[in-house]
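For reference, the structure is listed below as structure tokens.
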Amino acid sequence: GPWGRCTGDCGPGGVQTRALWCFHFEGWTSHLSSCDENHRPPKERSCFRVCDWHSDLFQWEVSDWHHCVLAPPVLGQAKPRTSECVTAQHGLQHRTVRCVQKLNRTMVASEICEHFAPQPPTEQACLIPCPRDCVVSEFSQWSKCSKGCGKRLQHRTRVAIAPPLYGGSHCPNLTETRTCVAPISCPLGEEEYTFSLKVGPWSKCRLPQLKDMDLAGRTVVDFSSDSKEQVTLRYPGYKPHHHAKPWDIEIGYQTRQVWCTRSDGKNAMISLCMKDSFPLTVQSCIMPKDCETTEWSSWGPCSKTCRSGSLSPGFRSRSRNVKHIAIGGGRECPELLEKQACIVEGASLQPCPRYSWRTSEWKECQVSLLLEQQDPHWPVTGPVCGGGIQTRAVYCAQSTPASTAQRAKEVFRPVDKSLCVGPAPAASQLCSVPCSTDCVVSSWSAWGLCVHENCHDLQGRKGFRMRQRHVLMESTGPAGHCTHLVESVPCEDPMCYRWLVSEGICIPDHGKCGPGHRILKAVCQNDRGEDVSGSLCPASVPPERTACEIPCRMDCVVSEWTEWSSCSQSCSNKNSDGKQTRSRTILALAGEGGKPCPPSQALQEYRSCNDHSCMQLYWETSPWGPCAEDTLGTALNATIGWNGEAACGVGIQTRKVFCVKSHVGQVMTKRCPDSTRPETVRPCLLPCKKDCTVTAFSEWTPCPRLCQPVKTCIKQNKTNIIISHCRHGGEGCPTGKCFEPSDYQDVSLCPGNNWSPQKKSNLWHECFLIPKEIEKKRRGFSAPCDNEIQVKSISCISDDNQSAEMTECLKQANGMPPLVQECTVPCRDDCTFTAWSKFTPCSTNCGTTRSRRRQLTGTGKSRKKEKCQDADMYPLVETELCPCDVFISQPYGNWSDCILPESRMEPQRGLWVQGDSKQCGQGVRFRAIACSDKNGRPVDPSRCSNSGYIQEECAIPCPFDCKLSDWSSWGSCSSSCGIGVRIRSKWLKEKPYNGGRPCPKLDLKNQVHEAVPCYSECNQYSWVVEHWSPCRIHNELRPLRCGGGMQSRKIRCVNTASREGGAVNNSFCNQDEMPPETQPCSLLCPSECVMSEWGTWSKCPQSCDPHTMQRRTRHLLRPSLSSRTCAEDSQVRPCLLNENCFQFQYNLTEWSTCQLSENATCGQGVRTRLLSCVRSDGKPVSMDQCEQRNLAKPQRMSIHCLVECVVNCQLSEWTAWTECSQTCGHGGRMSRTRFIMLPTQGEGRPCPPELTQQKACPVTPCYSWVLSNWSACKLEGGDCGEGVQVRGLSCVVHNGSVASSAVRVDDAQCKEVPWQDGSLQQLCSVPCPGDCHLTGWSEWSTCELTCIDGRSFETMGRQSRSRTFIIQSFENQDSCPQQVLETRPCTGGKCYHYTWKASLWNNNERTVWCQRSDGVNVTGGCSPQARPAAIRQCSPACRKPFSYCTQGGVCGCEKGYTEIMRSNGFLDYCMKVPGSEDRKAHVKNLAGKNRPVNSKIHDIFKGWSIQPLDPDGRVKIWVYGVSGGGFLIMIFLVFTSYLVCKKPKPHQSTPPQQKPLTFAYDGDLDM
């Protein structure tokens, strides 16, 4: 059966099982024993079980898509021809997809990755352009034929310009070779061939074998031996040593062959090539040794030692050390560190620590920080409120499980901030300290009646009169206070209940006049004006009637008493008492015998009022105390408003209560009414105790390293952070320091490791010479002199001369010192010299030289004597310039930004302010200098200046903020009655500049205003009128003194709010409501009818319905003597809106601007609106009018608001300067940045645009190694064959710019050589005469893009170069190498197009070539199908007499003959044109004379003859055009004739004029 799922342990230890059964070949199942046991398949197998955590361990690795290649043709279809391709062809792209282990990228089974994600696709369709053939240039000129005799060759070459792409054809041969035109045969006795000494390549380095050495140490070498026995050449002598110590170097030898070759490639006798010097065939060499390493160490512990939320595995590593480094070209060292994934199973693992940003609680809001920011010289005076800044500590913490914490309060442990990822929370924020405002109260009501202190318990004769006011706006903030709302004064004879009597009209007892009575109606009322039972009133019930008198016809008539006037004073003082008056007037005089009028004194009555003292009593309270535990259980059943803070039980608050007498102070409490005494205890919610919360201590800060390069003392410390302080009686913070330094620890110096030669007395060993026997065997002679090699042994030792691991030296030192160097052993016939002397001393002047000398000691053979004395070849004196210590400095680059000196942040009033560094003032700017010596070579800038800069002072202008004046005082309310506006203003004192805080929006007068609504009580100032004077008759000469007259009264404006109610200027009262001072009046004569004054109009309904009538009445006081009827006694009028009927409504102002406390500049404020009562005609009236009608009042008259704080931009400190952008030379820059910690808010000072500062780095000289060009191929004595090319390595100094020239300096200035020996030396070959060899590389072609229709197909272009072969002898052409094409990508390419070009025809032939769009002639690139013909041929051929092939490719006739064509368009014959034989000509010369001199001109004019048929017999297109045109002309002529000849219709009436039909096109395509 199929394999089941992999089960068992995760990873390779899983097991797969499958079912297994035995079945008969006919299909039925049998017992297992029936089947052969030997062929039984396995029932289970091991497998890799994939677990969830493997998703972090394995992944699909997908390579980039490979180049698009042509798709193979579908089975059964032929491969498409290139000619069929138009723009592009179908292709396929492939990529490799494999399942890999993430850590070491090793490949594993695909099923593992398929467990988590499906396998990505490995191929996709693509389009590639049509095939492009290889494009090559034109051939060069033929090379010159070499001098000499025999068969000589010359060649020419061309280069590849563009490679073949997308299946195009390969490049053609780039070389053409031909034999010289005139070969010179060699005379007798001269060779046709030349001979050259050819050297072969050096063999591998090998050691001499045992049988090559005799017992005395001499060598007998058998080069053909394959013996594995070898001997190590060591010093001194060559004793066998089979176990070399580390870094011992073995020296062997290598050989090469030398032979003589002929120019046709065949070998010749060596004697034909012998010269004076014979090339070396054997030389010493370093035996190659591969890098040797120790065995792998055991695997280290798994890096994942804790349990985390993610299932990602950890890794473990192992390492190995270097025993031998690679020498002599041996294999380099492999990887020294290996890692692999691991996971530790088991529940015993501790959970991994988690790190996150944590913060302490916000500290108290400090308004002073904000005020100091706005004004650094802000004085600390008085309580402040409004907007401020609060800070908190931000730290990275490791979450500690509660079970392991030392105390529950230590919840987090501070760690290094780099362990937390993501942005850190803000460490400062804006805050607000609530401002306290007192409550706003209304004006006082009128004094009430004298009542008992407690009407339920009537005791004594002492009572109180009271007046109230109510709260218009509640107090805010913790210190907001509300003044007292009730005042009282003591009074005598208090009454809680009193009778209220109303009188009816006077009813005569007998007849119509005379004595009568009034009916009295009495109601018992309490002190609040409510009707109560009559039994509560203490006095007896008033009588039900009272006597009155109705005047008879001749009696004097007096009016009713007026209402009592308002009291003249609100209280009584020593000088005056309050008074009320009422009056009545004489309406009609008495007649004869009638009852006379009363005297004038009887017309007025006075009574005292408000006779209480002006010293009012009221209760005053202290602020509520803190919430304390209720030990007496006072507040158990109380309901408390909760403010959202955590509460722990119910407590009580207490306050003190005082009785205060105005203008006196505190008096005994019993003098104030106890009924109005405020509460002294109220329940409250007890806040929970909060203990101090601190973090756990951090770990000790680590020592920087186990060792320090210099002797230092390191101080360790650990810290903790207070998260929240104790409150409400909680446990305080621990007394231990928050910063605990440990004991000082002396840290040891770092041990150093250095390379050391094993023999300090003799660093380099003697020069190694190849054993004479080996040299004789190879060279045929012994030459114990030449350039050989010498070595030295080194080891790695520590500072205390102990042996150390080589890896330690490789880590610390700059590479390894050289182990091998060349040396020279002088030969017997060489020139020998003494060693060079020391250089002569230099003088102090610059420009002087110093020299050193040597002497010739031996000249070898006599024939070299002159050569040794040649001073050019062997100089005896060397001279060089003395070092010059004169240095020249030159400023480089621009000045840096102005950089201010570093400022130390100091704590301000116990709080650190972020970004409080200096932002303006005096600073320094820098400019780098380039320092060079007298010769212009760059040197370190410290030679010219200590800092490498020139400095100059600079200044950053300080910003000046916009300055406004203080607020003016509030103006008076614009309205004396109702709602108005109060205004205050500021004006501009100083404009901002240099980026200071901008001004708010100003008006044209450079002022800013603030307006708030205000309200004036409409009855605050009112007109007070006295009683009318008696009516003064106009004509007093009349005997009865009755009739019309005038009466007057006094009016005055009084302030009703003041206690005395004194008169004020009349302008305070409303002039429109000013009552009249005089009015007409009349005294009725005795005979006239007397009516009473009109009563008040009845009330209109609130709707002011005009269908409702208003009524007023009066009654008859005295009938007239005559029988005339009296005037009407009632009047009615409709209720008309805004005439005699008014509606009232509350009027709300708009919300005011946000008002702050006097001490606040921003933060939480209050917006208010005011309420007034407005009559329907728009007139403001007293609030009583609206309150009496029980209109719905708006709920909120004030709301909280926020005035945005003016916050200046807060910047962080500058970061440290970055590393220089360049390690040396010009153009390097350093920068530092700062960050915005708190952005600008409101009209605060904006952030400066410069958040980054830059300055140039000191211009240090650049030292670099420079490679010279490759030398010519050195064959060491041979003429051709294998040799070596070398290039030099020199240290140069330059300033890093492109234009600067590098100057060579001492090699010690440059660091470790970046190149291996292999990059300074390479194998090369020089072709022998007759060898077929490759040329050098051509120049890279111009960068060309692949384009379709002139548009680029790719972003990267291509460049090509090529090498071709040169044949020197046809006999060797079979051994020629292949030509080579190389392509590389490039940028900045162009699109080229290729077109065919052709010359003019010449004898029916022309040259055709392909040309690139930039004018370069090429081969390839043009379409072969579009190639124009190079040879012109007529088909069929022109065989008729006097005919020839024309430029159009058809047969034409010569001059003087005309063509006679067949119907199929071919020439039939040439007919002579009559008159063309003006001059007689010989028949033989006729054809020659008639042949045109210029066949081209003839061809041009031949094309003008009318030939309706093509050469292939088809009718030409113009014939159809002419036929169609003629047909149309005929139709036109027929139609014109018809119109001309047509008769007009008689009596045709003029049709009615119609409107023109116009179309409007709306853009619809259907139109």
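The values are calculated or read from the model by the stated rules, or taken from the named source; none is laboratory data. What you see is a predicted model; the values in this text were computed from it and never measured. In this analysis, Cβ positions are derived from the backbone assuming ideal geometry, glycine residues included, and neighbour counts consider all displayed protein chains. To get the accessible areas, we keep the full protein, side chains included, count just its heavy atoms, and leave off ligands, DNA and RNA. Shrake-Rupley method; radii C 1.70, N 1.55, O 1.52, S 1.80 Å.
Mind checking which residues of segment 1234-1253 are assigned to a strand (DSSP E or B) and surrounded by 15 or more Cβ atoms within 10 Å (Cβ to Cβ)? Across segment 1234-1253, the qualifying residues are M1237, L1238, Q1241, Q1253. What number goes with the only condition from (1) farther than 30 Å from G996 by Cα; (2) in a loop (DSSP other than H, G, I, E, B) that A1216 does not pass? (1) is the only condition that A1216 fails. Among the numbered conditions (1) surrounded by 18 or more Cβ atoms within 10 Å (Cβ to Cβ); (2) under 30 Å from C1328 (Cα atoms), the only one that T1419 does not meet is (2).
Going by the conditions given, is V1266 in contact (Cβ under 8 Å) with a residue 12 or more places away in the chain, among the β-branched types (V, I, T) and open to solvent by 50 Å² or more (accessible area, probe 1.4 Å)? If you could, list the steps in order and put the result at the bottom.
On the way: in contact (Cβ under 8 Å) with a residue 12 or more places away in the chain: yes; among the β-branched types (V, I, T): yes; open to solvent by 50 Å² or more (accessible area, probe 1.4 Å): yes.
Against the criterion (in contact (Cβ under 8 Å) with a residue 12 or more places away in the chain, among the β-branched types (V, I, T) and open to solvent by 50 Å² or more (accessible area, probe 1.4 Å)), V1266 qualifies.
The residue of segment 947-984 that is least open to solvent (accessible area, probe 1.4 Å), among those that are closer than 30 Å to R927 by Cα and among the β-branched types (V, I, T), is I956. Open to solvent by 50 Å² or more (accessible area, probe 1.4 Å) and more than 22 Å from E1282 (Cβ to Cβ) - does that describe any residue in segment 1317-1338? Within segment 1317-1338, not a single residue is open to solvent by 50 Å² or more (accessible area, probe 1.4 Å) and more than 22 Å from E1282 (Cβ to Cβ).
Look through R1427, R1432, R1363, R1439 and report the one residue that is among the charged types (D, E, K, R) and buried (at least 17 other Cβ atoms within 10 Å of the Cβ).
Details: R1427 fails: buried (at least 17 other Cβ atoms within 10 Å of the Cβ); R1432 fails: buried (at least 17 other Cβ atoms within 10 Å of the Cβ); R1439 fails: buried (at least 17 other Cβ atoms within 10 Å of the Cβ).
R1363 is the lone residue from the list that is among the charged types (D, E, K, R) and buried (at least 17 other Cβ atoms within 10 Å of the Cβ).
Every condition in (1) open to solvent by less than 80 Å² (accessible area, probe 1.4 Å); (2) part of a strand (DSSP E or B) holds for D1105 except the one numbered (2). Listed by position, the strands (runs of 3 or more DSSP E) enclosed by segment 279-336 that each have at least 2 residues that are at pLDDT below 85, farther than 30 Å from C260 by Cα and touching a strand residue (DSSP E or B) at 6+ places or on another chain (Cβ under 9 Å) are 314-319, 322-324. Got at least one residue in segment 584-604 being over 30 Å from R1041 (Cα atoms), open to solvent by less than 80 Å² (accessible area, probe 1.4 Å) and over 60 Å from the mean Cα position of the chain (by Cα)? Within segment 584-604, none of the residues are over 30 Å from R1041 (Cα atoms), open to solvent by less than 80 Å² (accessible area, probe 1.4 Å) and over 60 Å from the mean Cα position of the chain (by Cα). Among the residues of segment 146-166, just one is in a loop (DSSP other than H, G, I, E, B), open to solvent by 50 Å² or more (accessible area, probe 1.4 Å) and at pLDDT 80 or above, namely V159. Restricting attention to segment 1285-1299, the residues that are open to solvent by 30 Å² or more (accessible area, probe 1.4 Å) and farther than 30 Å from C898 by Cβ total 8.
Would you check if there is a residue in segment 820-831 being in contact with a Cys (Cβ under 6 Å, 6 or more places away or on another chain), in a strand (DSSP E or B), at pLDDT below 80 and surrounded by 14 or more Cβ atoms within 10 Å (Cβ to Cβ)? Yes: one or more hits.
Per-residue answers, yes or no, for (1) surrounded by fewer than 18 Cβ atoms within 10 Å (Cβ to Cβ); (2) more than 17 Å from V1418 (Cα to Cα):
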residue: C1347; (1), (2): yes, yes
residue: S1352; (1), (2): yes, yes
residue: D1374; (1), (2): yes, yes
residue: V1380; (1), (2): yes, yes
residue: Y1392; (1), (2): no, no
residue: A1398; (1), (2): yes, no
residue: N1402; (1), (2): yes, yes
residue: V1408; (1), (2): yes, no
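Among the residues of segment 97-140, those identified as under 38 Å from the mean Cα position of the chain (by Cα), open to solvent by 50 Å² or more (accessible area, probe 1.4 Å) and of a type outside the set (V, I, T) are R98, K102, L103, N104, R105, F116, P118, Q119, P121, Q124. Looking only at residues in segment 42-66 that are of a type in the set (D, E) and outside any strand (DSSP E or B), which one is farthest from T17 (Cα to Cα)? Looking at residues that are of a type in the set (D, E) and outside any strand (DSSP E or B), I get D64. Of the strands (runs of 3 or more DSSP E) lying entirely inside segment 908-1003, those containing at least 1 residues that are more than 31 Å from the chain's Cα centre (by Cα), modelled with pLDDT under 85 and farther than 30 Å from E364 by Cβ span 921-933, 978-990. Of all residues in segment 256-270, those that are part of a strand (DSSP E or B) and touching a helix residue (DSSP H, G or I) at 6+ places or on another chain (Cβ under 6 Å) total 1. Looking across segment 985-1029, the residues that are surrounded by 15 or more Cβ atoms within 10 Å (Cβ to Cβ) and charged (D, E, K, R) come down to K986, R997, E1010, E1017. Checked against the criterion of being under 55 Å from the mean Cα position of the chain (by Cα) and within 16 Å of P1013 (Cα to Cα), segment 1180-1189 contains not a single residue that satisfies it. Checked against the criterion of being open to solvent by 40 Å² or more (accessible area, probe 1.4 Å) and either modelled with pLDDT of 85 or more or aliphatic (A, V, I, L, M) (or both), the candidates A1256, A1272 yield just one match: A1272. Consider segment 614-633 and keep the residues that are surrounded by 15 or more Cβ atoms within 10 Å (Cβ to Cβ) and among the hydroxyl-bearing types (S, T, Y). The one that is farthest from the chain's Cα centre (by Cα) is Y618. Checking each residue in segment 437-472 for being surrounded by fewer than 16 Cβ atoms within 10 Å (Cβ to Cβ) and under 30 Å from L370 (Cβ atoms) picks out D438, C439, V440.
Here is a yes/no grid of residues against (1) free of Cβ contacts under 8 Å to residues at least 60 places away in the same chain; (2) more than 19 Å from I950 (Cβ to Cβ); (3) among the β-branched types (V, I, T):
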site: A1216; (1), (2), (3): yes, yes, no
site: M1237; (1), (2), (3): no, yes, no
site: P1248; (1), (2), (3): no, yes, no
site: T1260; (1), (2), (3): no, no, yes
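Candidates are the residues of segment 489-519 that are buried (at least 16 other Cβ atoms within 10 Å of the Cβ) and hydrophobic (A, V, I, L, M, F, W, C); the one that is nearest to T669 (Cα to Cα) is V489.
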